[in-house]
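Take a look at the structure set out below.
The values are calculated or read from the model by the stated rules, or taken from the named source; none is laboratory data. Since we're looking at a predicted model, the values are computed, not measured. Because the Cβ atoms are built from the backbone with ideal geometry, glycine has one as well, and the counts that use them run over all protein chains shown.
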Amino acid sequence: MTSNPFSARAYVVISPCRNEADYMRRTLDSVVGQSCRPTAWVIVNDGSTDDTQKILEDYAARHDWIKVVAKPDRGKRAVGPGVIEAFYFGLKTVDLQPFTYLCKLDLDLDLPPRYFETLIERMEAEPRLGTCSGKPYIRRGDTLVSERRGDEMSVGMTKFYRRTCFEAIGGFVPEVMWDAIDCHKARQLGWLAASWDHPDLNFEHLRPMGSSQSSIYTGKRRHGFGQYYMGSDPVYFAATCVFRMAEPPYVLGGLAMMQGFLGAWLRREARHGDTELRNFIRAWQRRALRVGKSQATAEFEAARADLFLDSPA
């Protein structure tokens with residue numbers, strides 16, 4: 001058996017991107033400047049028509065751990081399934097086995113310099129921690145404002161994973177809400193998922209959530225469909241819509257989310273095929289309505305600790 005030449009902190013980053021020339025230099029610079037830099041970074045140019053490829057080639061020429069992979073142009077930006085398709089297009093160029101961690105990272109973020117080192121430190125301190133992230137902030141005028149993401153999820157724009165957990169859950173589902181389904185699946189199997197609000201982990205999201213295709217209302221409706229696909233409890237999702245009405249676009253954004261959910265329900269759209277996982281998600285959501293998300297998460301994690309202890313190393 002050959003020894004692993006990589007360190008225990010070795011991690012690979014996979015970044016799908018399309019037409020990110022307006023934002024990507026800040027992401028590239030913030031990753032290059034990390035206190036614990038990626039072992040490898042595979043960036044998938046998903047059919048960009050702007051200066052994305054030129055910028056990527058410049059950075060790859062200066063940093064031998066950055067690899068650019070060109071994916072054929074599908075003719076449009078495709079969030080959800082399209083992002084995961086591009087992610088796997090890059091992942092298939094990598095042998096994951098030497099890496100302890102992997103990260104799916106968008107190219108419209110500005111990360112603090114100790115971002116990845118801090119995540120790794122928290123992974124090392126808690127063996128059950130399967131996926132984690134910091135918290136996204138968006139700029140409104142001169143102020144950075146939290147996007148208000150739950151502590152029980154790692155956020156979709158920067159998913160940091162223990163490789164063994166990523167493999168255990170079967171990777172990402174190629175559908176909207178892939179970035180919630182993965183955390184629920186990890187928790188179902190006894191792993192922990194988390195994100196934290198901390199100076200070393202808070203990052204700026206340069207593109208507002210849900211605005212990357214057509215309009216923010218399209219993104220909100222798409223999110224509603226994704227919640228339906230995931231099997232969310234209708235009462236829980238209605239409460240989520242009310243919660244999001246306090247964010248721009250005020251009221252209308254939450255209504256658009258509900259429109260997406262109800263439209264999928266009326267059309268009897270297909271749902272995620274893992275029935276046990278859908279039931280698990282609804283059970284957690286209903287408990288969260290009664291006692292709050294933090295307590296519900298703690299109860300479900302405690303109840304499934306034996307699953308992690310009994311799993312193969």
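Got at least one residue in the range 35-46 being of a type in the set (Asp, Glu) and not in a strand (DSSP E or B)? Checked the range 35-46: no residue is of a type in the set (Asp, Glu) and not in a strand (DSSP E or B).
Summed over the range 239-269, the residues that are among the aliphatic types (A, V, I, L, M) and either in the same structural domain as Gly82 (by TED's automatic domain parsing) or touching a Gly at 6+ places or on another chain (Cβ under 9 Å) (or both) give a count of 8. So, of the residues in the range 143-190 that are in contact with a His (Cβ under 8 Å, 6 or more places away or on another chain) and assigned to a loop (DSSP other than H, G, I, E, B), which turns out to be nearest to Pro248 (Cα to Cα)? Result: Glu147.
Checked against the criterion of being in contact with a His (Cβ under 8 Å, 6 or more places away or on another chain) and modelled with pLDDT of 95 or more, the candidates Thr100, Thr118 yield just one match: Thr118. Selection of first residues in the range 5-26 that are within 23 Å of Gly171 (Cα to Cα) and buried (at least 24 other Cβ atoms within 10 Å of the Cβ) and of second residues that are among the charged types (D, E, K, R) and at pLDDT below 95, restricted to Cβ pairs under 6 Å at least 6 apart or on distinct chains, gives the following pairs, ordered by first then second residue: Pro16/Asp46; Arg18/Asp46; Arg18/Arg77.
Flag not set for Phe237, criterion: of a type in the set (A, V, I, L, M, F, W, C), within 21 Å of the chain's Cα centre (by Cα) and exposed (fewer than 14 other Cβ atoms within 10 Å of the Cβ).
Taking the numbered list (1) crowded, with 18+ Cβ neighbours inside 10 Å; (2) in a loop (DSSP other than H, G, I, E, B) in turn, Thr131 passes all entries but (2). The numbered conditions (1) over 19 Å from Ile120 (Cβ atoms); (2) surrounded by fewer than 21 Cβ atoms within 10 Å (Cβ to Cβ) are all true for Asp200 except (1).
Residues are listed down the side, and each one gets a yes or a no for (1) at pLDDT 90 or above; (2) within 20 Å of Ala186 (Cβ to Cβ); (3) surrounded by fewer than 16 Cβ atoms within 10 Å (Cβ to Cβ):
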{"site": "Cys241", "(1), (2), (3)": "yes, no, no"}
{"site": "Gly260", "(1), (2), (3)": "yes, no, no"}
{"site": "Leu266", "(1), (2), (3)": "yes, no, yes"}
{"site": "His272", "(1), (2), (3)": "yes, yes, no"}
